[in-house]
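Everything on this sheet refers to the single structure shown next.
The values are calculated or read from the model by the stated rules, or taken from the named source; none is laboratory data. Since we're looking at a predicted model, the values are computed, not measured. A quick note on method: Cβ atoms are made from the backbone with ideal geometry, for glycine too, and the neighbour counts reach across all protein chains shown.
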Amino acid sequence: MSDVFESSLYTDVASSNQSSGVRYGPGLDTGDLRRKFNFGDRVSELSISQDPFFRFVSKVSKKATDDPSFKFSEKRGSWHKRYAYVCNHGTTAPGAIDGSQATVTHTNTDAGDTYYFTMITDYLSDGNRANVFGQSGGEISPGDAGTKPGFYIPGQLLKIPYSTTATDASWTDAAGGSATRPDGYLIAKVTEVNAISNTAVDLKTEIVSDGGAAADYELMSFQMHNNALDGEDVSGLSVHDYLEPKRCYVIGSAFAEGSGYPETWKDQPYSTGYGQTQIWKTSMAMTNTARATSLKYEANEWARIWREKLIEHKWDLEQSLLFGSQHSSDAGINYTEGAVDFISTYGNSFTWDVDKSQDDFLNDMSNYLDPRYNNGGATVFFVRTDVYNWLHKLDGYFANNLEKSANYRYDFANAGKSKTLGVDITKISTVYGDMNIARNIHLDGTNIAMLGIDMKHCAYRPLVGNGLNRDTSVYVGVQTLENSGVDRRVDMILTEAGMQWEMPESHAIWVG
């Protein structure tokens, strides 16, 4: 049956080699054989609640492509990335990344003094790509190749936090000094910038203010007293709890009257990725004798099977778009990237269990929706059934989060249900905005508790070009068997499309 779909069998003229008695070409139902019936979005209308992710991407995130291997660019701004960590310092230019002098003598940083700082950072300047929470496999450590701060220019003012208490706790120890808040900060004006390697720069500065330090102090960037942070794994650290207190930011500039045009710098905010379209086929076949026979219950067997096959095809699309993995085989078969595979590899990753409290979940949301690197606002949270129930079980929620002996405010509230594109959505109000929750039964039986997908940064990309649309189309072929007088009808539902994923910071996964 499959040979009916081999394009090489058909020609635009009657074949002269017809010794088999089987004819191909315009002589036999050319209109049906050559015609493509495009279904487009019609398939997504079937059994909407079964396949919510496919429903959303096919309705609101569809961008056609005319190449089965498509490329795309991501853009990450630099306005919030002008920060670095001090890895060496002194009254003379250090000229090296690792420093052993953790303590700053406060009398050396009076207003007007000259002081030197060596700076490294933890994001790639090519594309402004930073760490994503929970992705230790592709971490970007301070001082890695490609992370040299390129934004420093003379005239800038820097805010450098310090602590008046030296800490012996590990820089990454959540129970120790890593969570220490700064006691103050000094302000320094950059007067000269010198690169000392391909990962660090030396800054000559003029101290503007020491923040009122009355005794020696330790810069927040240092860890374990007398060691620099060069090479530390920071991918699993909370930005607001552990990284921000150690970052030194540009806080503007200051110039003298008539000082002329200052130096400048430019960033490279673009990075490029690629995706692939995958071909899905669902076939059915039936003789015209069977089609013409009227049956009990459902008289038209062709119509019954036809609807079942459409739903089966859509079900397969949902499964692939969730669990597929991008790959090209030696046989020339392309596989598109699924949501779980992409987000597990590149997106924010958190743990989940049924005893999770609001406080724990609030910390997850705080890291995921940190505006310093994730400004996405169109997130839909697809959850499996037990998590969907957890979000609605007020008895268990209050038992885990509230005490009868005290007055607590309920900040994790069900704000009601609605339908979006036909999909049931529960809106949960949190201090970080409303969560749009959709139950997805395809996640049941997996270790994936929740997928947070920013619909602005993913796209369903059907292959469309040269007048041909392969977004859920139906191909019909009719073949007459030799000397039998019986014609067999063969239909095939075909989709060729791929998923495009952008901005891993805008997607998150809860596993457990």
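The residue pairs whose first member lies in region 235-257 and is under 22 Å from Tyr152 (Cβ atoms) and assigned by TED's automatic domain parsing to the domain that holds Pro161, whose second member is part of a loop (DSSP other than H, G, I, E, B) and at pLDDT 90 or above, and whose beta carbons are closer than 6 Å, counting only pairs six or more residues apart or on different chains, are Val250/Arg82; Ser253/Gly155; Phe255/Gly155.
Would you confirm, using the coordinates I've provided, whether Ser328 is surrounded by fewer than 17 Cβ atoms within 10 Å (Cβ to Cβ), within 23 Å of the chain's Cα centre (by Cα) and of a type in the set (Ser, Thr, Tyr)? Explain how you work it out, then say what you get.
Values: surrounded by fewer than 17 Cβ atoms within 10 Å (Cβ to Cβ): yes; within 23 Å of the chain's Cα centre (by Cα): yes; of a type in the set (Ser, Thr, Tyr): yes.
Yes, satisfied.
Of the residues Thr289, Thr272, the single one that is in a helix (DSSP H, G or I) and surrounded by fewer than 13 Cβ atoms within 10 Å (Cβ to Cβ) is Thr289.
How do the pairs read when you match residues in region 180-199 that are closer than 13 Å to Ala93 by Cβ with residues anywhere that are among the acidic types (Asp, Glu) and at pLDDT 90 or above, using Cβ under 6 Å and keeping only pairs 6 or more apart or on different chains? Listed pairs, sorted by first residue: Thr191/Glu206; Asn194/Asp202; Ile196/Asp202. Considering (1) at pLDDT 80 or above; (2) touching an Asp or Glu at 6+ places or on another chain (Cβ under 6 Å), say which one Pro245 fails and leave the rest. Answer for Pro245: the failing condition is (2).
When restricted to residues that are of a type in the set (Phe, Trp, Tyr), over 15 Å from the mean Cα position of the chain (by Cα) and not in a strand (DSSP E or B), region 117-142 contains 1. Go through (1) of a type in the set (Ser, Thr, Tyr); (2) at pLDDT 90 or above; (3) within 30 Å of Arg470 (Cα to Cα) one by one and return the number of the condition Ser253 breaks. Evaluating Ser253 over (1) of a type in the set (Ser, Thr, Tyr); (2) at pLDDT 90 or above; (3) within 30 Å of Arg470 (Cα to Cα) leaves (3) as the failure.
Yes or no, residue by residue, for (1) closer than 21 Å to Gly252 by Cα; (2) out of contact with any Asp or Glu (no Cβ under 8 Å at 6 or more places or on another chain); (3) part of a strand (DSSP E or B); (4) modelled with pLDDT of 90 or more:
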site	(1), (2), (3), (4)
Pro149	yes, yes, no, yes
Pro161	yes, yes, yes, yes
Thr191	yes, no, yes, yes
Glu218	no, yes, yes, no
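Residues that are touching a residue at least 40 places away in the same chain (Cβ under 8 Å), surrounded by 15 or more Cβ atoms within 10 Å (Cβ to Cβ), of a type in the set (D, E, K, R) and assigned to a strand (DSSP E or B) do occur in region 73-84, at least one of them.
Pairs linking a residue in region 291-303 that is farther than 17 Å from Val490 by Cβ to a residue that is surrounded by 10 or more Cβ atoms within 10 Å (Cβ to Cβ) and of a type outside the set (A, V, I, L, M, F, W, C), with Cβ atoms under 7 Å and 6 or more positions apart or on different chains, are Leu295/Glu301; Glu298/Arg304.
The conditions of being among the polar types (S, T, N, Q), at pLDDT 90 or above and surrounded by fewer than 19 Cβ atoms within 10 Å (Cβ to Cβ) are met by Asn466. Arg304 meets the conditions (1) at pLDDT 90 or above; (2) of a type in the set (D, E, K, R); (3) exposed (fewer than 15 other Cβ atoms within 10 Å of the Cβ) in every case but one. The failed one is (1). Taking the conditions (1) of a type in the set (A, V, I, L, M, F, W, C); (2) within 24 Å of Ala188 (Cβ to Cβ); (3) in a loop (DSSP other than H, G, I, E, B) in turn, Ala145 satisfies each one other than (2).
Set side by side, the residues Asp364, Asp316 differ, and just one is in a helix (DSSP H, G or I), under 28 Å from the mean Cα position of the chain (by Cα), surrounded by 15 or more Cβ atoms within 10 Å (Cβ to Cβ) and assigned by TED's automatic domain parsing to the domain that holds Asp434, which is Asp364. Just to be sure before I move on: is Arg372 at pLDDT 80 or above, charged (D, E, K, R) and surrounded by 13 or more Cβ atoms within 10 Å (Cβ to Cβ) in the structure I sent? When the stated conditions are applied, Arg372 does not pass them.
Of all the numbered requirements in (1) farther than 30 Å from Val511 by Cβ; (2) touching a residue at least 24 places away in the same chain (Cβ under 8 Å); (3) in a helix (DSSP H, G or I), Met284 misses one, and that requirement is (3).
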